[in-house]
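Novice: Please see the structure below; I have some questions.
The values are calculated or read from the model by the stated rules, or taken from the named source; none is laboratory data. Computed from a prediction, not measured in an experiment: that's the story for all the values here. All Cβ positions, glycine included, derive from the backbone under ideal geometry; neighbour counts span all protein chains shown.
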Amino acid sequence: MICLDARDCPKCKAVGSFGVFWIGDQSASRRCRTCRYSIQEQLPPLRKTIVCLDQNALSQMMMLINPEFPAVRRNRVNPVWRAVFTELFAGVRDQILCCPLDEIHERESAVFAYGTATLNVAKMLNGEVEFRGFDELIGDELFYSARHWRSGEPEFARIKGFSESPHRWLNWFRIEVTGMWQPEDPANVRAARARLHSKLEPVYDRWRAEALPFNAVFREELQSFGPAILKAFRLGMQAAQTDPEIVLFGTSSIHYIRMIRAALEQTGASMDEAADLAVDYLLSDGPTNVPSAITSALLDAKQAHLLRFGMNAPRPSARYDIERLSSVLPHCDAILMERHFAAMVRELGDRLPAGHRRCRVFSVAELDAFLDFLQSVRQAAPAEQLATARRLYGTGTPPLAA
């Protein structure tokens, strides 16, 4: 499989036989087909732009590859999506950006008729990068928050946002091994979404009826964050008495409690003391400095404000959007999302935690502006990096329908 950027071998002089056969994170390996002489060359360092795409954006681009899709046949897909998809594809190919997958992409794809095709588009653009699970990201924030609450150490270190570094060169082929993994059952996903929505409907009704001011809803939601974790943990432990797999595989609240206890033990508390202190921490104001909790509470308060002034109840998947935004915003350079949530994030502005404000927000109604952003990313990319990428990966284009 020696086929990339082939040159004449410097040792045996065989013509066109000395090519790249492997690309590592920061280097490429060359080997001669004839004499097997090999060397390793260092590649330029990368700093990729991280772009988060919501499910709607991926679905629109999926249609461009699947001409049988009804909206394509009726010519209802915005033609600018073609330019956006082409630019994103080229950015991933040239190692200047990536669009990481997250758990909601897989969850939402499971209930969509063209979910597999949509997920394939996501994998074309993710640059082999995934966001860590949202529970993991929130758990890390709780770890630093609890440690600060106990010892006064700095509140938040830089939290790792991805399964592995996005700033690496990609090999020119990918082998995907799923093992025993099976995609989520669509019926289970729909049922879970329906259960969550049924729990939230009374909350929406209360927000609409009580007409509480924005700040009141924000404080209420933020202050309930710690107690809600504790309540869910206790209910989970009760359920574990009849279902041991709950402890074995864990729940969100079990993971959070483990992270909090680990932080408290790091400050010198014994295991027993940490268990008691974890309860004290969750019932205190300590968790109110957790960035994802602040963003989630702000978005809830914004929704309550809009419901008060006549907005329809949020759709069942809206909670997933809030979960995504509150978790991934600090790890992104830009996000493309539906206009409702894009407007909310912009309106919140400086009220968002500092790390959540640096992400550029674009709505799917602003494709021209998003395309300008992508082109500015390309213009800012080092010439050496672009030349190396073209040499290693070529100039292929996405498989768009005519």
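Novice: For a quick check of your reading: which strands (runs of 3 or more DSSP E) sit entirely within region 1-65 and have at least 1 residues that are crowded, with 21+ Cβ neighbours inside 10 Å? Outline the logic, then answer.
Specialist: On the way: elements: 4-7, 18-23, 27-32, 38-42, 49-53.
Output list reads 18-23, 27-32, 49-53.
Novice: Another question about this same structure. Anything in region 303-336 that is in a helix (DSSP H, G or I), of a type in the set (Gly, Ala, Ser) and touching a helix residue (DSSP H, G or I) at 6+ places or on another chain (Cβ under 7 Å)? List them, or say none.
Specialist: Across region 303-336, the qualifying residues are Ala304, Ser326, Ser327.
Novice: Looking at (1) surrounded by fewer than 22 Cβ atoms within 10 Å (Cβ to Cβ); (2) part of a helix (DSSP H, G or I), find the lone condition where Val121 falls short.
Specialist: So the condition that Val121 fails would be (1).
Novice: Looking at (1) at pLDDT 70 or above; (2) loosely packed, with under 11 Cβ neighbours inside 10 Å; (3) in a loop (DSSP other than H, G, I, E, B); (4) not hydroxyl-bearing (Ser, Thr, Tyr), which is the only condition Lys199 fails?
Specialist: (3)
The rows are residues; the columns are (1) at pLDDT 90 or above; (2) surrounded by 14 or more Cβ atoms within 10 Å (Cβ to Cβ); (3) of a type in the set (Asp, Glu).
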site	(1), (2), (3)
Asp350	yes, no, yes
His356	yes, yes, no
Arg360	yes, yes, no
Glu366	yes, yes, yes
Leu371	yes, yes, no
Leu400	no, yes, no
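Novice: Take Gly139 and tell me if it is assigned to a helix (DSSP H, G or I), of a type in the set (Gly, Ala, Ser) and touching a His at 6+ places or on another chain (Cβ under 6 Å).
Specialist: Answer is yes for this residue.
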